[in-house]
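The values are calculated or read from the model by the stated rules, or taken from the named source; none is laboratory data. All values derive from a computational prediction rather than experimental measurement. Note that each Cβ is placed from the backbone with ideal geometry, even for glycine, and that neighbours are counted across all protein chains shown. Only protein heavy atoms, including side chains, enter the accessible area calculation; ligands, DNA and RNA are left aside. Shrake-Rupley method; radii C 1.70, N 1.55, O 1.52, S 1.80 Å.
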Amino acid sequence: VVSADDAAQPDANLVQIALDRLEILADEAIMLGDTPEDIHAASRASVATIAFRSGGAKDLTGAIAIFEDPADLAAHLDHSPLALDHESLPPPSPVRLRARVSL
């Protein structure tokens, strides 16, 4: 969980805080958002964003995919960036090194 209390940190990047807490790398995450600010915050942490038009924003430049709303994403999940082709994924590594993304 990332909350407003975490934003009290100087120049806090909430996306990076979430990555750190989940112990995942930026390329292992996709953020869902509905504003240009969401896309910008994810970009600062090198995280890709799927955007929804339902937030009312007109400019969602930088998103890797744009859907009308969560229901639209769900209806097209198999053809979205969230679709996984498990056959092409490498086998899991027994040891994974974690590196914090520099901002």
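A count restricted to segment 13-28 and to residues that are touching a helix residue (DSSP H, G or I) at 6+ places or on another chain (Cβ under 6 Å) and assigned to a loop (DSSP other than H, G, I, E, B) stands at 1.
Listed by first and then second residue, the pairs linking a residue in segment 41-62 that is closer than 17 Å to Glu28 by Cβ to a residue that is open to solvent by less than 80 Å² (accessible area, probe 1.4 Å) and of a type in the set (Asp, Glu), with Cβ atoms under 7 Å apart and 6 or more places separating them unless they lie on different chains, are Thr49/Asp38.
Cβ-Cβ contacts under 7 Å between residues 6 or more apart (or on different chains), taken from a first residue in segment 69-81 that is under 11 Å from Ile50 (Cβ atoms) to a second residue that is open to solvent by 70 Å² or more (accessible area, probe 1.4 Å), are listed as Pro81/Ile64. Name the single residue that is modelled with the lowest pLDDT among those in segment 35-62 being surrounded by fewer than 20 Cβ atoms within 10 Å (Cβ to Cβ) and charged (D, E, K, R). The extreme case among them is Lys58.
Output the residue which, of all residues in segment 63-85 that are farther than 22 Å from Ala26 by Cβ and assigned to a loop (DSSP other than H, G, I, E, B), is least open to solvent (accessible area, probe 1.4 Å). For segment 63-85, the residue satisfying everything is Asp69. Before we move on, is Asp6 touching a residue at least 40 places away in the same chain (Cβ under 8 Å), assigned to a helix (DSSP H, G or I) and surrounded by fewer than 16 Cβ atoms within 10 Å (Cβ to Cβ)? The answer is no for Asp6.
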